[in-house]
Amino acid sequence: MSIQEPFLLQSYSNSRRFQKAKALVYASHTSTTRSADGFVTVAAQGDGVHLLDVSSLHSIVSHTLGPSTTFSCPPVMQCSADGQTYSSYVGIASSSDLSQGEANQTIWAWKDTPSASTSAVQQKNSVTLPHDVYELHALSQNLIAISNTGSISVLDSELNMRETKNASPSDYSGNFSSAGLASLILVESSKSASRIRALYVAEDNTLQDLGSCSIPLCQAVSCNSSGYLTLLCAPCSLHSYQLALSPTSSNIQISRLAPPVHLSPLSSISLLALHSSFTILCGIAQKKITLLLWDMRFSIVLASHTFDVPERSDTTSLIASSKEHPTEAVLVVSSSPSSLSAKTSIFVVPLSVAYSSTIAAAMGRAAATAPWLQQNEGPEMQLESKKKKLLSDMETAMESRRPQSASQAFLAWEKEEKKNGAHISYGHSFVKELLNVALQPAKPANFPYSSDVVRHLLELGVVSASMVDAGLLNILRIRNDWTSLRMSLKKVSDLLEVDIIDCLRHVLEHEAPSNAMQVDGPAADAPTLPDFLRLCVSYTCSPVALRAALRRYLPEPGSLTRVLDVLDSWLGQWPGRDVSLLPPKKALDKNAHGVYVVNLSSSSTDDIPSINEIASFIQAILDSSLLVILQHAPAHHVLRRISRRVETQIHVVDETEKLRGPLEAFVKAQGNTLKVSEQGKEQLADWRQRSKLAHDQTAGAIMVYQIEHLVL
């Protein structure tokens, strides 16, 4: 995903006569079948209304209105189905053709039919509303006019009035709105709060209210047709929400997507919500215009682009594209009319954005996001200072060879944080620093270290193998901390296969009958070969990496034969075990939707790995070292036993496979139940109710045969 270099579409001079206007140039974007990139409709104060083709960078239609005409809102254009007729609408703030009572309440419209050589322009159409025109939106072939007090009028394409909803007396006033495919999101604000109103156009072309809900007081808002809402709140923070209809009532409900994002200082910020949870943000900082593509679901900047600010420009405005998946955005950059040679420039910003938000695209973008974020302050900064003090205290204790003091300092800090009621955030960097302080990987093997802290972090499940540069298993093995090493094989999910097999090699060396010398020193809690091999076999490994590790660290046929002998003994234990077709009650848990699911890991008490894990590990050994093993005569007997046991298991599998057909219906039923519960739908009736319903539906029908259910 990327933001490419913007290119200039058009520029307009600014006059000091219009410095009190809300904007010097208004613009909107419309997609058409005639142009791949769509059209931009521009309303320039004291000039007129112009229709620009983004693909050719030329004007298609121009309506010059003279210096006495000013506009109150961005123009709107609607395109006919055949792409030949374009209807333009704009709110008029003042004109020599209007009386004082019609100012800010009048809409002008033109219907144009451009051709290759000429442009047939029809006469201007006009309507005066009972309220001012603050914004215009094209919605379901209708025109929606909104006032700054919240009054709304619905008009057809010919400016015939359909309905007017006057604003109800309240402290709120409408100031932002965003139109989707068939809905209108209106944000109304008071001095201390904001709220959202959702409306839609019914089949009778009337505007129906879906309700309202409260949101933080905001300065700008943008919402897409999928209901993703992005708010800009003071001081310089982004809030992301998801709007949806409540399933229990005809009202809207709002849910937060992610915690607020506090931006580094930017001026003249504007927002544009794209599809999915993507949002474009534009602002000015250090005489440069910055464009940021945010994924608000993960609070990550996916792409950024910076270019020089046009001379004396101080205001930016992003214009929404009417495409479902836009490939460009329109940026309006203006300078103050009080400056000399002031002008407004309209840029087109090419975009390359994925169709949907994924965690794969967000991963690894934290470093690119950090420069655009504000430094944390308040409680979060206080927490960071406490962490730094803890690391300093632990480092001092470890340098003094007092690992117990380091463990006590860590446990005291954790107890204090839990006492305050706050959720303890174990970030990657913090845990990495804790491990480096507790393990002291750069120190000699006999240097004291804090095993209590390491085991506590392992138990919490916050440790990653990449946090220790020298390798987590390697350091624990050098320290002869086999208890922590065994915990790592159970709690850490990203261990390297080479480190696991290297530790297995050391266990084999320690248990070798002829090995009287311990190179790494005594290991009081070193596991036996069957115990450690069980952890290795049960650990999820990549087959390719496992074969490479076996070839590298277990080249001796004698060591491989000892491993195969243990695996063969496990294979011999499985035929004598009972296989339960139904899960035990302890393995039945309810998921978040209240549906029973099987959790075999919570009830597994086997002292040997599963037969699938054993077979996979044997296959990895044979694939990597079969020729070496065949040259070792004592291994032949073990291989023959394994072959006989495998043939027996193949026969068992073939017999068990016959149960697939009768049991598959129950598997499908469980899958359908889980799917229905995740979608929030009501569960289907049981088979008796479905049978009765089918019988009632076919009552009176004459059939040759009728199948009945017999229940014993």
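The values are calculated or read from the model by the stated rules, or taken from the named source; none is laboratory data. Worth saying up front: this structure is predicted, and the values here are computed from it rather than measured. Cβ sites come from the backbone with ideal geometry, for glycine too, and all protein chains shown count toward neighbours. Side chains included, ligands, DNA and RNA excluded: accessible areas come from the protein's heavy atoms. Shrake-Rupley method; radii C 1.70, N 1.55, O 1.52, S 1.80 Å.
Brief remarks on what is shown
- Checked against the criterion of being in a loop (DSSP other than H, G, I, E, B), at pLDDT 80 or above, of a type in the set (A, V, I, L, M, F, W, C) and surrounded by 14 or more Cβ atoms within 10 Å (Cβ to Cβ), the range 607-621 contains one or more residues that satisfy it.
- Residue selected from the range 529-569 under the condition open to solvent by less than 50 Å² (accessible area, probe 1.4 Å) and touching an Asp or Glu at 6+ places or on another chain (Cβ under 6 Å), by the criterion nearest to Glu511 (Cα to Cα): Leu529
- If the condition is being farther than 20 Å from Ser357 by Cβ, open to solvent by 20 Å² or more (accessible area, probe 1.4 Å) and either touching a Leu at 6+ places or on another chain (Cβ under 6 Å) or of a type in the set (Gly, Ala, Ser) (or both), then the range 270-304 contributes only Ala285.
- Residue match in the range 199-213 (condition: in contact (Cβ under 8 Å) with a residue 12 or more places away in the chain, surrounded by fewer than 15 Cβ atoms within 10 Å (Cβ to Cβ), of a type in the set (Ser, Thr, Tyr) and not in a strand (DSSP E or B)): yes
- Pairing residues of the range 286-301 that are under 16 Å from Ser270 (Cβ atoms) with residues that are in a strand (DSSP E or B) and charged (D, E, K, R), at Cβ distances under 9 Å and at least 6 apart in sequence or on separate chains, gives Lys288/Asp308; Ile289/Asp308.
- Residues located in the range 14-40, provided they are more than 19 Å from Leu57 (Cβ to Cβ), open to solvent by less than 80 Å² (accessible area, probe 1.4 Å) and out of contact with any Leu (no Cβ under 7 Å at 6 or more places or on another chain): Ser15, Ala21, Ala23, Leu24, Tyr26
- Checked against (1) open to solvent by 10 Å² or more (accessible area, probe 1.4 Å); (2) in contact (Cβ under 8 Å) with a residue 24 or more places away in the chain, Asp53 passes all but a single condition, namely (2).
- Filtered residues of the range 132-165 (kept if part of a strand (DSSP E or B), of a type in the set (Val, Ile, Thr) and free of Cβ contacts under 8 Å to residues at least 40 places away in the same chain): Thr164
- Looking only at the range 77-100, and only at residues there that are free of Cβ contacts under 8 Å to residues at least 12 places away in the same chain and over 17 Å from Leu65 (Cβ atoms), the one that is most open to solvent (accessible area, probe 1.4 Å): Gln100
- Look at the range 334-347: where a residue is modelled with pLDDT of 60 or more and a partner is assigned to a loop (DSSP other than H, G, I, E, B) and open to solvent by less than 20 Å² (accessible area, probe 1.4 Å), sitting 6+ places away or on another chain with Cβ atoms under 9 Å, you get Ser334/Ala342; Ser335/Ala342; Ser336/Ala342; Phe347/Pro6.
Residues checked against (1) of a type in the set (A, V, I, L, M); (2) at pLDDT 90 or above; (3) under 46 Å from the mean Cα position of the chain (by Cα):
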| site | (1), (2), (3) |
| --- | --- |
| His632 | no, yes, no |
| His636 | no, yes, no |
| Arg644 | no, no, no |
| Glu647 | no, no, no |
| Asp654 | no, no, yes |
| Glu657 | no, no, yes |
| Ser677 | no, no, yes |
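- Matching residues in the range 452-467 - criterion: being open to solvent by 30 Å² or more (accessible area, probe 1.4 Å) and either more than 17 Å from Ser488 (Cβ to Cβ) or small (Gly, Ala, Ser) (or both): Gly461, Ser466
- Test: residue in the range 250-257 that is of a type outside the set (A, V, I, L, M, F, W, C) and closer than 30 Å to Ala370 by Cβ: yes
- Index of the failed condition, Leu266 passing every other in (1) exposed (fewer than 15 other Cβ atoms within 10 Å of the Cβ); (2) in contact with a Gly (Cβ under 7 Å, 6 or more places away or on another chain): (1)
- For the range 476-497, the condition holds for no residue, the condition being that it is open to solvent by 50 Å² or more (accessible area, probe 1.4 Å), within 21 Å of Met398 (Cα to Cα), acidic (Asp, Glu) and over 33 Å from the mean Cα position of the chain (by Cα).
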